[in-house]
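Following this message is one structure expressed as C-alpha cells.
The values are calculated or read from the model by the stated rules, or taken from the named source; none is laboratory data. Note that the structure is predicted; figures quoted are calculated from it, not measured. FYI the Cβ positions are ideal-geometry reconstructions off the backbone, even for glycines, and counts take in every protein chain you see. Side chains included, ligands, DNA and RNA excluded: accessible areas come from the protein's heavy atoms. Shrake-Rupley method; radii C 1.70, N 1.55, O 1.52, S 1.80 Å.
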Amino acid sequence: MKMNKKLVVPFLSSVIGLSIAGGLGGAFAWYQFNSQVRTGFIGTSVADTGLLQIGYDDGSGHIIWGRDRFLPNTSLKPVTFGELNSDGTLKTHAYGYPESGKQNGNDYTTGWTEIQNGSGFYQYDIYLRALKADPEALGDATNNINPGYKLVAQDVYMSQLTLEDSNGGADALIVDAVRVHLNVKDGRKDLLSKNEISASEPLNLYGQLDLDGDGQADKYEAFPWESNYDQVLTYGINGETQVTKAASSLVQARDSEGKMPATPNEKLICTTKTGTEMTKITITVWLEGWALLKYGNTDAKSNIWNPHMNAGMDVRVGMIFDVGNNILG
C-alpha cells in the first residue's frame with residue numbers, strides 16, 4: 001500500500017514518527033498544531049493550531065523556539081520617551097524622576113534621570129516563525145528546524161490584547177498610563193494604550209508641575225540675581241505630544257471556522273518569512289509619566305499622581321499572535 005504524502009501535510013506533531021508508524025491504513029490525528037503565540041509583560045504564550053512558534057535570544061545569539069515566553073516581573077516607574085520619531089519608533093532613551101526646579105533648556109538631559117531597561121520600563125524582543133509539514137524538507141539543525149518541516153509565509157494577527165491592572169475598581173486607573181509599543185522589524189510601528197488618545201486631543205508631553213508640593217507651579221532653581229529667577233518652569237520638551245491607538249483596535253477575531261482574513265487588512269501584524277529568516281518584534285512596556293490620572297475623590301485628573309490610589313498595583317499586558325486555521329491550507 002502506497003501512503004499518500006498529502007495526508008501528512010495538514011497535521012504537524014512532536015510524535016510524527018510514532019503516528020506514521022502506527023497510522024498506515026488509518027486516520028492521522030494529533031499532529032503538532034499550533035497557530036497562536038502570546039506575548040506579554042508578565043508572559044508570552046501560544047495556543048493550539050498550525051505551527052506558529054515564538055522565540056527569544058538566549059543571550060548567545062541562539063534563538064530558543066517554543067510555545068511560551070514568560071518574562072520576569074519588574075517594577076514599573078513613571079517614565080517618558082517623549083514624542084515618537086517620525087517613523088513611529090521610540091526615542092533611544094527614557095527619562096524619569098524630574099527634580100523640582102531643575103531643567104536646563106528644552107530637553108531631558110538636566111534635572112531628569114535616564115532610566116534603564118528593566119529598572120522602570122521593560123523592553124524585549126520576540127521572534128515569530130511559521131512551520132508547515134513537508135515530507136521532502138530536510139530540516140535545518142542550525143536554526144532548530146526538524147526534518148519534515150519548512151518555514152512558510154503566514155499572515156499573523158493579534159487575536160487578543162489584554163491591558164489591565166490588578167485592582168480593576170473604579171479608582172484603579174493606573175492602567176490609563178500604561179503604554180505598549182510594537183516595533184516590527186521592517187514593518188509596522190504601533191503605540192497602544194487602554195483607550196485611544198486622538199490627534200484632536202493629544203496628550204501633552206510637557207507642562208508645568210508642582211513637584212515640591214507647595215501648591216504652586218515650580219519655578220526655576222535660581223538666585224535672585226539670575227535672569228530666570230522667579231520664572232515658572234515648563235518641564236519636558238515644549239510642544240511634544242502623544243497620540244495612541246486603543247489596544248482593542250488591533251485585535252482581529254477568528255471567524256466561525258477558526259480562520260483569519262484571507263485578504264490582509266489594516267490589523268495585520270506581520271507576515272512570517274521563508275528560508276531561514278524570522279520576524280523580529282520589539283515590545284516596550286512603560287507607564288507614561290505625563291499621563292493624567294485620577295488624583296482624589298473627584299473626577300479631576302493630574303500628571304502629579306496619587307500614590308495612595310495608584311502605587312503597588314500589578315500591570316498585566318498580554319498578547320496572542322494568531323494565524324488561525326489558515327496555516328492548514
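Give me the distance between the Cα centres of region 184-251 and region 264-321, rounded to whole Å.
17
Take the alpha carbon gyration tensor of region 151-225, find the square roots of its eigenvalues, order them as a ≥ b ≥ c, and report rounded if a/c is under 1.5; if not, report prolate when a/b exceeds b/c, else oblate.
prolate
Another question, if that's okay. Under 30 Å Cα-Cα from Lys91, which lysines qualify once same-chain neighbours fewer than 8 residues away are excluded?
Lys77, Lys102, Lys185, Lys189, Lys194, Lys219, Lys245, Lys267, Lys273, Lys280, Lys294, Lys301
What spacing in nm lies between the two simple spin-label points modelled at Glu277 and Lys219, each 7 Å away from Cα in the Cβ direction?
The answer from the label model is 6.0 nm.
Related question: So how much accessible area does Lys132 have, in Å² to the nearest 10, using a 1.4 Å probe?
My reading of the accessible area for Lys132 is about 40 Å².
Across 5 Å bins from the origin, how do the percents of Cα pairs in region 228-329 run, short distances first?
2, 7, 12, 14, 14, 13, 9, 9, 8, 6, 3, 1, 1, 0, 0
Quick one: which residues, 5 or more positions from Thr241 or on another chain, have an amide H under 5 Å from its amide H? H modelled 1.01 Å from N in the peptide plane, none for Pro or chain starts.
Leu205
Another question, then. Residue-wise, which Karplus ³J(HN,Hα) couplings in Hz belong to region 118-128, taking 6.51 cos²θ - 1.76 cosθ + 1.60, θ = phi - 60°, and x for glycine or proline?
Couplings: x, 10, x, 9, 9, 10, 8, 10, 10, 10, 10 Hz.
Nothing charged except the Cβ atoms of Lys and Arg (+1) and of Asp and Glu (-1): what's the magnitude of the dipole of region 202-308 about its Cα centre? Round to the nearest 20 debye.
Numbers: 9 positive and 14 negative charges, 177 e Å.
In debye, rounded to 20, region 202-308 gives about 860.
If you don't mind, another one. How much solvent-accessible surface does Asp314 expose, in Å² to the nearest 10, with a 1.4 Å probe and all protein chains in place?
Only protein atoms counted, so the area is about 80 Å².
Once amide H atoms are placed 1.01 Å from N in the peptide plane, what residues at a sequence separation of 5 or more from Tyr235, or on another chain, have their amide H within under 5 Å of its amide H?
It is Gly207, Gln208, Leu209, by chain and number.
Take every Cα pair under 8 Å in region 162-314 that's 6+ residues apart, average their separations, divide by the length, and report that relative contact order as a whole percent.
On the way: 242 pairs, mean separation 47.7, N = 153.
About 31 percent, as a whole number.
Show me the GluC sites (Glu not before Pro) within region 223-329 that DSSP assigns to loop and that have at most 15 other Cβ atoms within 10 Å of their Cβ. Walk me through the numbers before you get to the answer.
Values: sites: Glu226, Glu240, Glu257, Glu266, Glu277, Glu288; in loops: Glu226, Glu257, Glu266, Glu277.
Listed in order of number, the matching sites are Glu226, Glu257, Glu266, Glu277.
Now for a different question. Do any chymotrypsin sites (Phe, Trp or Tyr not before Pro) in region 191-268 lie in a DSSP loop with no more than 14 other beta carbon atoms within 10 Å, and if so, which?
Details: sites: Tyr206, Tyr220, Trp225, Tyr229, Tyr235; in loops: Tyr220, Trp225, Tyr229.
Qualifying residues, ordered by number: Trp225, Tyr229.
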